[in-house]
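Throughout, read-outs are computed from the coordinates displayed, never taken from laboratory work. The shown structure was predicted, so the numbers you read here are calculated from the model rather than taken from an experiment. Using ideal geometry, Cβ is built from the backbone for each residue, glycine included, and neighbour counts are taken over all protein chains shown.
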Amino acid sequence: MYPTCKALCFLHGIPYQPYLCSQFSAAYNIYLEIFHSVDKHLRAALNHDTPNWCLLNSCPACFYKLQDEPALQFDWLVSIDGNNSLKHWDSTIYGTTARIDSRKAHSDYWIGPTAVDQFKGEVKAQEDSSPDDWQDEPVEANQGSLTCVTRWRNAGPETRKKMFSVFHESGIFIAACRHRFVLLACNMIRSGELAKYPLALIDKLLTVYGKNGACAYDIGCAFSKTLRNSSLGPRASELNFWMMVGAFHGHAHNCKCQLAWHPMYIPGTGHSEGEGCEHIFSASNELARSTRHASPFHWHQTIKEYFTFWDADKYAVLCV
Ligand SMILES: [Zn+2]
Ligand SMILES: [Zn+2]
């Protein structure tokens, strides 16, 4: 808000005053609220307000099936990943009391903390006394002895997936289709990349998209075991759901792992590299400077608006 407001002051030839920024922020909130109300009416008139409409229609290339269309190996292929750049400062960290803010950003992407916490504790806490030092694991000289669980921090024990206590939201976890449309997102709250985040997203994806799906995750190899042992396991195998490791991350896994999990060796993946989330994050990381100390409402609103624009942009270039 601040730079935009300063630019406007410059264009109008007036000195910047802090109250102008508050007024500009309030006007923007109202603009979005009006926009949302008009959009709601339009959706109702066009019959676009049915459950999961956005998930089922955001990417026509993935989810608009034609009659008698030849079946693909995977009916749907998504990638999932977490990102810590969009961390959000906890306003109560210095003993201050946060102002009550009942506003909620409207969003079709978000899965709420209650739905995510259904999968809390699905992975049995493993005994691990190592400190959480936020350093990469040292690479052993003998690459052959490495297992994916020791090499990748997010594949390690849940007790090590901690986050600095100054942050309330430690980042976001998202799912994207192979054309990089954002499908789902959830907040990672006061933790590292716990298993409950991917499990909650996969639960929703399986419910909406059904059978013959596949999902790339940078620790897909280790996570498939977590998924199998979770309450989602029987449903995932019944729906013939596949996990794989994205092509970029896959090259950092050991050779044996790649043979089983790298998209290069999985028929039906085509040119999809399974790294859609990295593309999204490389752009959304720009938001960090304006969201880190924002109010929870503005943090959510900014990310949601950014993803909406990102999806509109992807929609526009689908036919290019
Ligand atoms: Zn692996
Ligand atoms: Zn798609």
Checklist outcome for this item: Ranking Ala247, Gln23, Ser79 by how far each Cα lies towards the positive end of the charge dipole of the chain (+1 on Lys and Arg Cβ, -1 on Asp and Glu Cβ), the top one is Gln23
Item to check | Degrees between helix 220-229 axis and first principal axis of the chain (Cα, 0 to 90, nearest 10) | outcome: 80 degrees
Checklist entry - Magnitude of the Cβ-charge dipole of the chain, K/R +1 and D/E -1, about the Cα centre, nearest 20 debye? => result 400 debye
Checklist entry - Exactly which trypsin sites (Lys or Arg not before Pro) in the stretch 211-320 are in a DSSP loop and have at most 15 other Cβ atoms within 10 Å? => result Lys211, Arg292
Next on the checklist: Rounding to the nearest 10 and keeping the result within 0 to 90°, find how far the Cα-based axis of helix 2-12 lies from the longest principal axis of the chain.
Outcome noted: 40 degrees
Item to check | Order of Trp110, Trp261 under a 10 Å beta carbon neighbour criterion, fewest first | outcome: Trp110, Trp261
Next on the checklist: Of all beta bridges DSSP finds with both residues in the chain, what is the antiparallel percent, to the nearest 5?
Outcome noted: 65 percent
Checklist outcome for this item: Here the gain from full extension of Asn29 to Ala288, 0.36 nm per residue of separation minus their alpha-carbon distance, amounts to 91.3 nm
Checklist outcome for this item: HN-Hα couplings for the stretch 109-117 via Karplus (6.51, -1.76, 1.60; θ = phi - 60°), in whole Hz with x for Gly/Pro, come out as 7, 7, 9, x, x, 5, 5, 5, 5
Checklist entry - How about the stretch 35-119: which trypsin sites (Lys or Arg not before Pro) there lie in a loop by DSSP and see at most 16 other Cβ atoms within 10 Å? => result Lys65, Arg99, Arg103, Lys104
Item to check | FRET efficiency, 1/(1 + (r/R0)^6) with R0 25 Å, evaluated for Asp108 and Asp68 via beta carbons | outcome: 0.25
Checklist outcome for this item: Quick note on Leu183, Leu205, Leu46, ordering by fewest other C-beta atoms within 10 Å, gives Leu46, Leu205, Leu183
Checklist outcome for this item: Residues whose built amide H sits under 5 Å from the amide H of Asp218, excluding neighbours closer than 5 in sequence, are Gly246
Next on the checklist: Tell me the Kirkwood radius of the stretch 1-49: reciprocal of the mean inverse pair distance over distinct alpha-carbon atoms, in Å.
Outcome noted: 12.6 Å
Next on the checklist: Tell me which chymotrypsin sites (Phe, Trp or Tyr not before Pro) from the stretch 13-104 have a DSSP coil assignment and no more than 10 other beta carbons within 10 Å of their own.
Outcome noted: Tyr64, Tyr94
Checklist outcome for this item: Binned at 10 Å from zero, the C-alpha pair distances of the stretch 218-274 give percents of 25, 49, 26, 1
Next on the checklist: Can you give me the angle between helix 18-45 and the longest principal axis of the chain, using Cα atoms only, in degrees from 0 to 90, rounded to the nearest 10?
Outcome noted: 60 degrees
Checklist outcome for this item: Rounded to the nearest Å, the spacing of the alpha-carbon centers of the stretch 270-305 and the stretch 58-122 is 11 Å
Checklist entry - For the stretch 1-116, what is the charge dipole size about the Cα centre, in debye to the nearest 20, if Lys and Arg each add +1 at the Cβ and Asp and Glu each add -1 at the Cβ? => result 540 debye
Checklist entry - Which of the residue pairs Lys40/Lys65; Lys40/Lys104; Lys196/Lys225; Lys204/Lys304; Lys211/Lys304; Lys104/Lys304 have a Cα-Cα distance greater than 22 Å in the structure shown? => result Lys40/Lys65; Lys211/Lys304
Checklist entry - Among Ser282, Gly270, Gln301, whose Cα lies farthest out toward the positive end of the dipole of the chain, if unit charges sit on the beta carbon of Lys, Arg (+1) and Asp, Glu (-1)? => result Gln301
Checklist entry - Which ³J(HN,Hα) values in Hz, rounded to whole numbers, follow from the phi angles of the stretch 281-298 under the Karplus curve 6.51 cos²θ - 1.76 cosθ + 1.60, where θ = phi - 60° and Gly and Pro get x? => result 5, 4, 8, 6, 4, 4, 6, 3, 5, 9, 10, 4, 10, 6, 6, x, 5, 6
Item to check | Within the chain, helix-based [θ] at 222 nm, where runs of 4 or more DSSP H residues each add -39,500 (n - 2.57), nearest 500 | outcome: -12000 deg cm²/dmol
Item to check | Where the Cα pairs of the chain fall when distances are cut into 10 Å bins, in % | outcome: 5, 23, 32, 23, 12, 4, 0
Next on the checklist: Let's test the formula: R0 of 45 Å, r as the Cβ-Cβ distance of Trp89 and Ala45. What FRET efficiency results, to the nearest 0.05?
Outcome noted: 0.65
Checklist outcome for this item: By Cβ neighbour count within 10 Å, fewest first, Glu69, Glu193, Glu169 rank Glu69, Glu169, Glu193
Item to check | Karplus (6.51, -1.76, 1.60) ³J(HN,Hα), θ = phi - 60°, over the stretch 49-57, in Hz, Gly and Pro reported as x | outcome: 10, 6, x, 6, 4, 5, 4, 7, 10
